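> Sharing a structure, written as structure tokens. Questions coming.
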């Protein structure tokens, strides 16, 4: 019996030691330091923040280096340097693989989510937000849970899903109150005020304005208690908006004057854009149109600096209303057209529905995991009591098997998420093709024909997120339609050929869906860039023994000579395809694979993909 307790203690000691090697606790990351740094970044005290960041990055401790990178990406985001912020956040992600820190992990996901949110890419934003929420929830770090919930709420609000936004803002407030952190509570109340305000925008029910007004008072109290000027300004901005809704424009302008005295010397472009928008609307309500338009133009300038597509859209709408009220139809129409273009590019109902489905799957997976963990815990106690050491060994084997299965399920889910994330990129390029074609002055019949092709391609691409396999015939038809559409976009730039050898049974033989298009796209978008001759793409299918061999060849400029030249999209596409082939090999016990090399003649790239020969009868529906 004593031997059992000795082995049991050793077993859990090893687990604890392994976990400790992965985690880190930088001495500089105390609660006080964290709040000080976040305050410095939020209030624009960038010199103070930069000094701390440089000190951490020069540290010999890898954990402190990670913290330095994290704060650098957060500061770059606050400075409206989105591309730099993205690059630094991705660098932080890489560093976290070597030395893990929960705060750095969650906040890096937050920074990445904010980047994609500002770009109007809500699906990518929510992917990072939910990853951060998952990590924070598992660690029971309530203030981090609050951060992620309010960010998810803002993301849903940007996509006009106001009920979902309100739901997450309430969850964020619950988590903040559990944390007891004054600043987190102030932030959560402030974002809840915003959610109520947007519910009013969506429904025009004054009950939401009344709710928002009540919450705003509490939010302001906590903001002042936290001595956070940003939150104080945010709440005054909300109060100003409510008075505008009630048409109390003079009182709204008084709030605006108060805000002006509080604005920091280096306020963020987002804050300034919001300030000048509300001030412009209040002045317009008082029929001081010239002053209103002057302020709204300042708002548009700062919205552009913030690179926030939603702010730019909103400000164009306000300028339209101001010129309309001033009875200047020409300028009013120009801003209305700008608003409509931005609105059409940001609101995509199909993507919102897709993300709703992903969220439902995420919540279901969370519930199932909680049930499995409880059941497993009961089994552990029974087995330990009944069988001692033998039960411990058996349990260890069981946990290992479950872990492998769960990893496979997680990878399958991530594959669907990643494939869904690639759709907006693909749709953007396809729409660019149609736009170029239309601008060339082509007749309506040709435009309709190409629009029909795009519609079919879009439907096939969306269905591929859920359809694991397609026939060779379906894949060749899809590639032909896609390449024809790309030729509209790049006339005379390239030719192509898609062919299958006679032994192929195209209507019966299967391959994984959407596995070829990213490589073909890379040839067009990158391989043919900068060449002075006509490009050519060849896609061939042939059967070799029990393998389906697919070669994708182009005569472009070849592989990138340095990592920086490699496209982020094709890198992500290659990784997704590599993971899909890995899962295929696990499921079917095959040896599928692919390679990417320069052509032997020194011109262009050849992609060789080897897949198992599969038929419809081999795959269970």
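> Could you list, in sequence order, the residues of region 556-589 that are modelled with pLDDT of 85 or more and at negative phi?
Within region 556-589, 556, 557 qualify.
> Of all the residues that make up region 273-307, how many are surrounded by fewer than 20 Cβ atoms within 10 Å (Cβ to Cβ) and either touching a residue at least 40 places away in the same chain (Cβ under 8 Å) or under 24 Å from residue 39 (Cβ atoms) (or both)?
Quick first cut of region 273-307, residues surrounded by fewer than 20 Cβ atoms within 10 Å (Cβ to Cβ) only: 285-291, 294, 297-298, 301, 304-305, 307.
Retained after the next criterion (residues that are either touching a residue at least 40 places away in the same chain (Cβ under 8 Å) or under 24 Å from residue 39 (Cβ atoms) (or both)): 285, 305, 307.
The total comes to 3.
> So, in region 585-621, how many residues would count as being touching a helix residue (DSSP H, G or I) at 6+ places or on another chain (Cβ under 6 Å) and in a helix (DSSP H, G or I)?
The qualifying residues number 0.
> In the set 110, 84, which member is in a helix (DSSP H, G or I), without any contact (Cβ under 8 Å) to a residue 12 or more places away in the chain and within 25 Å of residue 307 (Cα to Cα)?
After ruling out the rest, the residue left standing is 84.
> Consider residue 252 carefully, then state whether it is without any contact (Cβ under 8 Å) to a residue 60 or more places away in the chain and either in contact with a strand residue (DSSP E or B) (Cβ under 6 Å, 6 or more places away or on another chain) or not assigned by TED's automatic domain parsing to the domain that holds residue 185 (or both).
Values: without any contact (Cβ under 8 Å) to a residue 60 or more places away in the chain: yes; either in contact with a strand residue (DSSP E or B) (Cβ under 6 Å, 6 or more places away or on another chain) or not assigned by TED's automatic domain parsing to the domain that holds residue 185 (or both): no.
Here the answer is no, as residue 252 does not meet what is asked.
> Looking at 190, 157, can you tell me which residue is closer than 20 Å to residue 215 by Cβ, modelled with pLDDT under 85 and part of a helix (DSSP H, G or I)? Write out each step before concluding.
Details: 190 fails: modelled with pLDDT under 85.
Sole residue among the options that is closer than 20 Å to residue 215 by Cβ, modelled with pLDDT under 85 and part of a helix (DSSP H, G or I): 157.
> Identify all residues within region 178-189 that are under 16 Å from residue 137 (Cβ atoms) and more than 27 Å from the chain's Cα centre (by Cα); write none if there are none.
Residue satisfying the conditions is 178 alone.
> Among the residues of region 533-546, what is the count of those that are within 19 Å of residue 559 (Cβ to Cβ) and assigned to a loop (DSSP other than H, G, I, E, B)?
Residues flagged as within 19 Å of residue 559 (Cβ to Cβ) and assigned to a loop (DSSP other than H, G, I, E, B) within region 533-546 amount to 1.
> Among (1) over 19 Å from residue 302 (Cα atoms); (2) surrounded by fewer than 22 Cβ atoms within 10 Å (Cβ to Cβ); (3) in contact (Cβ under 8 Å) with a residue 60 or more places away in the chain, there is one condition residue 228 misses while meeting the rest; what is its number?
(2)
> Let me ask something additional. Given the conditions (1) surrounded by fewer than 24 Cβ atoms within 10 Å (Cβ to Cβ); (2) within 16 Å of the chain's Cα centre (by Cα), report the number of the one that residue 132 does not fulfil.
(1)
> If you go through region 496-507, how many residues are surrounded by 14 or more Cβ atoms within 10 Å (Cβ to Cβ) and either without any contact (Cβ under 8 Å) to a residue 40 or more places away in the chain or not in a strand (DSSP E or B) (or both)?
Going through region 496-507, the residues surrounded by 14 or more Cβ atoms within 10 Å (Cβ to Cβ) turn out to be 496, 498, 500, 504-506.
Filter once more, keeping what is either without any contact (Cβ under 8 Å) to a residue 40 or more places away in the chain or not in a strand (DSSP E or B) (or both): 504-506.
Number satisfying all stated conditions: 3.
> Continuing with the same structure: So which helices (runs of 4 or more DSSP H) stay within region 244-323 end to end and still have 3 or more residues that are within 19 Å of residue 82 (Cα to Cα) and under 26 Å from the mean Cα position of the chain (by Cα)?
Where helices (runs of 4 or more DSSP H) fall fully within region 244-323 and carry at least 3 residues being within 19 Å of residue 82 (Cα to Cα) and under 26 Å from the mean Cα position of the chain (by Cα), they are 269-285, 289-306.
> Turning to a different aspect of this structure: Taking region 190-225, which residues are buried (at least 17 other Cβ atoms within 10 Å of the Cβ) and in contact (Cβ under 8 Å) with a residue 40 or more places away in the chain?
If the condition is that a residue be buried (at least 17 other Cβ atoms within 10 Å of the Cβ) and in contact (Cβ under 8 Å) with a residue 40 or more places away in the chain, then 190, 191, 193, 194, 195, 197, 198, 200, 222 are the ones that fit.
> Restricting to region 18-43, count the residues that are at pLDDT 75 or above and not in a helix (DSSP H, G or I).
Within region 18-43, residues that are at pLDDT 75 or above and not in a helix (DSSP H, G or I) number 1.
> Where residues in region 59-81 are assigned to a loop (DSSP other than H, G, I, E, B) and at pLDDT below 85, which of them is nearest to the chain's Cα centre (by Cα)?
Step by step, filter region 59-81, then rank; the result is 80.
> Any idea how many residues of region 469-495 are closer than 23 Å to residue 590 by Cβ, outside any helix (DSSP H, G or I) and free of Cβ contacts under 8 Å to residues at least 60 places away in the same chain?
Count: 1.
> State whether the residues of region 92-99 include one that is out of contact with any strand residue (DSSP E or B) (no Cβ under 8 Å at 6 or more places or on another chain), surrounded by 24 or more Cβ atoms within 10 Å (Cβ to Cβ), on the phi < 0 side of the Ramachandran plot and not assigned by TED's automatic domain parsing to the domain that holds residue 173.
yes
The values are calculated or read from the model by the stated rules, or taken from the named source; none is laboratory data. Keep in mind that this is a model prediction, so the values were computed, not measured. Note that each Cβ is placed from the backbone with ideal geometry, even for glycine, and that neighbours are counted across all protein chains shown.
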